[in-house]
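The values are calculated or read from the model by the stated rules, or taken from the named source; none is laboratory data. Predicted, not measured: the structure shown is a model, and the values here were computed from it. With ideal geometry, Cβ positions are generated from the backbone for all residues, glycine too; neighbour counts draw on all protein chains shown. Areas reflect the complete protein model, heavy atoms only, side chains present, ligands, DNA and RNA absent. Shrake-Rupley method; radii C 1.70, N 1.55, O 1.52, S 1.80 Å.
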Amino acid sequence: MTEEYVILVDESDRSVGTMEKMAAHQQGLLHRAISVFVLDSDGRLLLQQRAAHKYHSAGLWTNTCCSHPAPGETAADAAHRRLRQEMGMEVPLEFAFTFQYRAGFDNGLVEHEVDHVFIGYASHAPVINPEEVADYRWLSLPEIERELANNPDAYTPWFKIIYRKIFARI
């Protein structure tokens, strides 16, 4: 496995360097991330369940895909790349917004990210990469609302934040 690097950023999302991904998460340093939300023509959201061997949040449900741009890569290019790699999908994506969050995990790792959120629409099923994704499902917004109310711990922290931001705007 080759080392992956993330782009370290300041509070204004200006690049201040790069660092090996795991080290950045161990130190809780602010870095750039991407999150993609794909909906179908019925307004259902495509969710993925993170693979069981992920370094944090394994087995939790989250948005269609999420990751980090590589050094020198734009957030939009990373969103398209990771959507292909994780879900086997080519979908036009539109930038929605950027936000910052920090979440600690039981294993001591910290996600401290400036997250660039993209939205796309598709009517075809994904072809999931089992190295990244355990399962997927299309859920309506009312179904997601019920699940978040009844079992919020089944979802990643960033999904819950972004979900509220996106669907409070529609």
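Out of (1) part of a strand (DSSP E or B); (2) touching a Pro at 6+ places or on another chain (Cβ under 8 Å), the odd one out for Asp77 is which?
Single failed check for Asp77: (1).
Tally the residues that are in contact (Cβ under 8 Å) with a residue 12 or more places away in the chain and either in contact with a Gly (Cβ under 8 Å, 6 or more places away or on another chain) or not in a helix (DSSP H, G or I) (or both), restricting the search to the range 113-168.
Summing the residues that are in contact (Cβ under 8 Å) with a residue 12 or more places away in the chain and either in contact with a Gly (Cβ under 8 Å, 6 or more places away or on another chain) or not in a helix (DSSP H, G or I) (or both) in the range 113-168 gives 30.
Can you work out which of the residues in the range 125-142 that are out of contact with any strand residue (DSSP E or B) (no Cβ under 9 Å at 6 or more places or on another chain) and at pLDDT 95 or above is farthest from His25 (Cα to Cα)?
Val127
State which residue is nearest to Leu109 (Cα to Cα) when the search covers only the range 61-74 and only residues that are in contact (Cβ under 8 Å) with a residue 24 or more places away in the chain and over 12 Å from the mean Cα position of the chain (by Cα).
Ala70
From (1) farther than 24 Å from Asp153 by Cβ; (2) out of contact with any helix residue (DSSP H, G or I) (no Cβ under 7 Å at 6 or more places or on another chain); (3) not hydrophobic (A, V, I, L, M, F, W, C), pick out the condition that doesn't hold for Gly59.
So the condition that Gly59 fails would be (1).
With Arg81, Arg164, Arg146, Arg102 as the choices, which residue is among the basic types (Lys, Arg), surrounded by fewer than 19 Cβ atoms within 10 Å (Cβ to Cβ) and within 15 Å of His31 (Cα to Cα)?
Arg102
Of the conditions (1) open to solvent by less than 70 Å² (accessible area, probe 1.4 Å); (2) at pLDDT 95 or above; (3) of a type outside the set (Gly, Ala, Ser), Glu94 fails just one. Which one is it?
(1)
Could you tell me how many of the residues in the range 113-123 are over 28 Å from Gly28 (Cα atoms) and at pLDDT 95 or above?
Residues meeting the conditions: 3.
I'm told Ala52 meets every condition in (1) touching a Gly at 6+ places or on another chain (Cβ under 8 Å); (2) modelled with pLDDT of 95 or more except one. Can you identify the failing condition by its number?
(2)
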